[in-house]
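Below you'll find the structure, written out as structure tokens, and then a few comments.
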Amino acid sequence: MKSYSDDLRKRVIALRSKGHTGAEEAILFSLSQRTVERYWRSYSDTGSV
């Protein structure tokens, strides 16, 4: 499985922090909604990307 860049993960977190939904971000970044949600949960749990 290909790993996405830290930069992409940071952009996902930044938009989510501004109120965007996981579905919106999945479309915007061409990711699965599951991936977006996983990034957000990891950030919420640990405070880092």
Discussion item. Given the condition of a type in the set (Asp, Glu) and in contact (Cβ under 8 Å) with a residue 24 or more places away in the chain, answer yes or no: does some residue in the range 10-27 qualify?
Written reply: no
Item to complete: For residues that are among the hydroxyl-bearing types (Ser, Thr, Tyr) and under 8 Å from the mean Cα position of the chain (by Cα), tally how many sit in the chain.
Response: 2
Worksheet item: Among the residues of the range 14-49, how many are in a loop (DSSP other than H, G, I, E, B) and closer than 16 Å to Tyr4 by Cα?
Response: 5
Worksheet item: Within the bounds of the range 33-47, is there any residue that is of a type in the set (A, V, I, L, M) and surrounded by fewer than 14 Cβ atoms within 10 Å (Cβ to Cβ)?
Response: no
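Read-outs: derived from the displayed coordinates by stated rules, not from any lab. Bear in mind that the values here come from a model prediction, so they are computed numbers and not experimental data. Neighbour counts run over all protein chains shown; Cβ positions are idealised from the backbone, glycine included.
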